[in-house]
Amino acid sequence: VQLQASGGGLVQPGGSLRLSCAVSGTTIFAFNPVGWYRQAPGKQRELVATITSRSTANYADSAKGRFTISRDNARNTVYLQMNSLQPEDTAVYYCNGKRPYPQGDIWGQGTQVTVSS
């Protein structure tokens, strides 16, 4: 069972990126919710957004109005559309899938997002 994060890169302030979290080895419905977290250098990992199996989305205040989390169940993939990116959004972004006890969470490997002019 794996979560594969992709889509990061270098973007200028005000730009956009779309991250993908592809679930393999199981169905996306094995996780509830699936979420995106980020960790900037020298800071703790923080929640960005989550989406439940019923597509209910939850956002950190920093992401509201700029980021949109969505899912394609047929593709076993969760997306994070990030608009109006700012330098403070620079971080490694990780996807996370929560499973009921005692299975434990699964983390993807992370994808680097750098916002710089």
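Summarising the amide proton neighbourhood of Arg71: residues at separation of 5 or more, or on other chains, whose placed amide H is nearer than 5 Å comprise Tyr79. If Lys and Arg each add +1 and Asp and Glu each add -1, what is the summed charge of the other residues whose beta carbon sits under 15 Å from the beta carbon of Val92? Neighbour charge sum, excluding Val92 itself: 0. Here the gap between Thr52 and Ser16, fully extended at 0.36 nm per residue and compared with their Cα-Cα distance, gives a gain of 10.6 nm. Applying 0.36 nm per residue to the separation of Arg66 and Arg45 and subtracting their alpha-carbon distance, the gain on full extension is 5.6 nm. Expressed as a whole percent, the accessible surface of the chain that belongs to carbon and sulfur atoms is 46, based on a 1.4 Å probe.
The values are calculated or read from the model by the stated rules, or taken from the named source; none is laboratory data. Everything numeric in this text was worked out from a predicted model, so none of it was measured. Neighbour counts run over all protein chains shown; Cβ positions are idealised from the backbone, glycine included. In case anyone asks, the SASA skips ligands and DNA or RNA and just uses the protein heavy atoms, side chains included. Shrake-Rupley method; radii C 1.70, N 1.55, O 1.52, S 1.80 Å.
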